[in-house]
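Everything below concerns the one structure shown next.
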Amino acid sequence: MDTIVALSSGSLPSGVAIIRISGPKAATVISVLGARIAQPRQTSLQIFRDNDGSVIDEGLVLWFPAPHSFTGEDVVELQTHGSRAVVAGILDVLLSIDGVRHAEAGEFARRAFANGKIDLTEAEGLADLIDAETTAQRKVAQYLASGGLKDLYNDWQDQLLNARAMIEADIDFADEDDVPGSVADQVWNDMAKLYQSISAHLDGYDRSERIRDGFKISLIGKPNVGKSSLLNALAGSDRAIVSSEAGTTRDIVEVRLDIAGYLVLLSDTAGIREQAGSVEAEGIRRSIASAQEADLILFLSDEDEWHHDFIDANSKVLNIRSKADLSSDIKPDEDVIFVSVNDAASVTALLEKLFAIISIELDQSRIGSAIKSRYIDHLSQCLKDLNKSIESDDALELRAEHLRSAAYSLGRITGQFDTEDVLGRIFSSFCIGK
């Protein structure tokens with residue numbers, strides 16, 4: 001097996017760069033740099049030299065002997081100054097050695113998976129952790145990366161294994177006195193509870209998807225009611241063009257916001273009116289489509305008119321009375337939020353309201369529902385097989401086979417049973433050096 005090497009600390013230049021080496025030659029190749037390994041997991045300050053003996057840099061060497069490393073192989077990490085020239089010089093020396101090559105994207109993590117250091121859910125959690133933009137995304141990713149779902153799915157597999165064992169005992173040793181009770185009483189009640197647990201877990205996918213991909217909020221209303229101005233106020237910068245001319249916004253303008261730790265996709269849309277040219281009409285069509293797909297609609301009006309005819313009855317809508325500072329005849333209404341972009345307090349109050357709504361929708365205490373789209377089919381198939389086993393009138397041998405199929409579906413999520421194309425697709429999403 002080749003020894004692989006790559007920069008693992010991100011783009012250069014930087015204050016510090018970390019070069020990771022993993023494989024059978026990890027402990028010996030650094031001698032070409034004039035360095036040596038020290039005690040395991042203890043840093044040592046050493047000089048790194050070029051092939052001609054000239055000094056490249058001075059830095060730290062860390063040694064992690066197998067199997068006590070991230071990849072499960074011998075691993076050496078070099079901490080150097082984050083100069084492009086320094087990193088290039090060290091990599092050139094290492095890559096000149098026979099049997100040492102540059103790591104492919106995600107290859108360190110894939111070796112960790114192959115050596116049983118992580119499962120697929122933990123690997124995907126690591127990828128999500130690297131990409132996390134908000135606190136909520138970080139918490140969900142950390143739950144995955146630390147093996148939260150692996151432990152849950154392994155527990156479910158153990159329950160299925162125990163059920164199959166009891167069925168086999170009932171079949172093979174039905175006449176023995178020490179075989180516990182009735183299978184129907186002990187197994188199928190437990191499997192019914194397991195079915196409910198998996199179903200409840202699967203219901204959390206929508207929440208998990210919105211944390212990962214963003215909670216969608218759409219600004220809707222007639223032209224010139226202040227949608228673009230409100231988007232800019234919430235974003236804290238001029239992201240959308242503001243003009244008194246009707247129809248200025250003709251396409252959807254989307255900004256990414258971090259509202260109290262949640263990723264929010266806020267969309268400014270074309271003003272909705274009946275008389276519009278062909279281009280503006282297309283923008284209005286997209287506005288309505290955006291409203292139908294949004295998790296929350298902010299319906300703006302500078303008058304006390306709220307026409308929601310084009311909005312789905314199941315959509316969650318907040319009525320926003322905009323330009324509140326320009327009206328003297330405002331009547332208090334608990335169903336309406338009054339906002340003026342010239343009044344920072346009203347914008348802050350709206351942000352607090354949005355945070356309250358998002359927090360309820362994406363309750364952080366339910367972090368265990370950190371499901372990815374790849375898991376959906378396998379969990380659904382697991383439920384189908386589990387239900388067949390519970391409801392079937394077939395012989396016990398066939399019902400046990402359904403339980404085996406259910407366990408197999410769970411194993412495909414963690415990577416116990418899977419194909420190379422799935423593994424390649426998952427690990428290719430990693431950056432080089434991870």
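The values are calculated or read from the model by the stated rules, or taken from the named source; none is laboratory data. The shown structure was predicted, so the numbers you read here are calculated from the model rather than taken from an experiment. Every residue, glycine among them, receives a Cβ derived from its backbone with ideal geometry; neighbour counts consider all protein chains shown. Accessible surface is based on the protein model in full, side chains and every heavy atom, while ligands, DNA and RNA are left aside. Shrake-Rupley method; radii C 1.70, N 1.55, O 1.52, S 1.80 Å.
Observations
- Answer from Phe338, Phe355 - the residue that is surrounded by 14 or more Cβ atoms within 10 Å (Cβ to Cβ), at pLDDT 90 or above and in contact with a strand residue (DSSP E or B) (Cβ under 6 Å, 6 or more places away or on another chain): Phe355
- Single unsatisfied condition, Lys216 versus (1) modelled with pLDDT of 90 or more; (2) over 18 Å from Ser290 (Cβ atoms); (3) not in a helix (DSSP H, G or I): (2)
- Consider segment 189-222 and keep the residues that are polar (S, T, N, Q) and without any contact (Cβ under 8 Å) to a residue 12 or more places away in the chain. The one that is nearest to Ser380 (Cα to Cα) is Gln196.
- For beta carbons closer than 8 Å, sequence separation of 6+ or different chains, a first residue in segment 50-73 that is free of Cβ contacts under 8 Å to residues at least 12 places away in the same chain and a second that is in a strand (DSSP E or B) and open to solvent by less than 30 Å² (accessible area, probe 1.4 Å), the qualifying pairs are Val55/Phe48; Ala66/Val75.
Rundown of residues vs (1) within 16 Å of Ile413 (Cα to Cα); (2) open to solvent by 20 Å² or more (accessible area, probe 1.4 Å); (3) within 17 Å of the chain's Cα centre (by Cα), yes/no style:
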{"position": "Val100", "(1), (2), (3)": "no, no, no"}
{"position": "Phe113", "(1), (2), (3)": "yes, yes, no"}
{"position": "Glu122", "(1), (2), (3)": "yes, no, yes"}
{"position": "Gly125", "(1), (2), (3)": "yes, no, yes"}
{"position": "Ala132", "(1), (2), (3)": "no, yes, yes"}
{"position": "Thr135", "(1), (2), (3)": "no, yes, yes"}
{"position": "Arg138", "(1), (2), (3)": "no, yes, yes"}
{"position": "Leu144", "(1), (2), (3)": "yes, no, yes"}
{"position": "Asp151", "(1), (2), (3)": "yes, yes, no"}
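- Conditions (1) under 14 Å from Leu94 (Cα atoms); (2) modelled with pLDDT under 95; (3) out of contact with any Leu (no Cβ under 8 Å at 6 or more places or on another chain); number of the one not met by Ile30: (3)
- Taking the criterion of being in contact (Cβ under 8 Å) with a residue 12 or more places away in the chain and assigned to a loop (DSSP other than H, G, I, E, B), the residues of segment 11-38 that qualify are Leu12, Pro13, Gly23, Pro24, Lys25, Gly34, Ala35, Arg36, Ile37, Ala38.
- Top-ranked residue in segment 290-311 [being acidic (Asp, Glu) and at pLDDT below 75; ranked as surrounded by the most Cβ atoms within 10 Å (Cβ to Cβ)]: Asp304
- Within segment 368-382, the residues that satisfy the criterion of being part of a helix (DSSP H, G or I) and either open to solvent by 20 Å² or more (accessible area, probe 1.4 Å) or of a type in the set (Ser, Thr, Tyr) (or both) are Gly368, Ser369, Ser373, Arg374, Tyr375, Ile376, Asp377, His378, Ser380, Gln381.
- Restricting segment 62-86 to residues that are touching a Leu at 6+ places or on another chain (Cβ under 6 Å) and open to solvent by less than 50 Å² (accessible area, probe 1.4 Å), the residue that is farthest from Val5 (Cα to Cα): Gly82
- Tabulated pairs, segment 248-259, first farther than 16 Å from Ala233 by Cβ and open to solvent by 70 Å² or more (accessible area, probe 1.4 Å), second modelled with pLDDT under 85 and in a loop (DSSP other than H, G, I, E, B), C-beta under 8 angstrom, 6+ apart or interchain: Arg250/Ala270; Asp251/Ala270
- Residue list for segment 5-36, restricted to those being more than 15 Å from His81 (Cα to Cα) and surrounded by fewer than 19 Cβ atoms within 10 Å (Cβ to Cβ): Pro24, Thr28, Ser31, Val32, Gly34, Arg36
- Residue check, Gly89 of a type outside the set (A, V, I, L, M, F, W, C) and free of Cβ contacts under 8 Å to residues at least 24 places away in the same chain: no
- Looking at Asp333, Asp418, just one residue is outside any helix (DSSP H, G or I), within 30 Å of Leu126 (Cα to Cα) and modelled with pLDDT under 75, and that residue is Asp418.
- Test for Gln39: is it over 22 Å from Ala145 (Cα atoms), among the polar types (S, T, N, Q), modelled with pLDDT under 95 and surrounded by fewer than 22 Cβ atoms within 10 Å (Cβ to Cβ): yes
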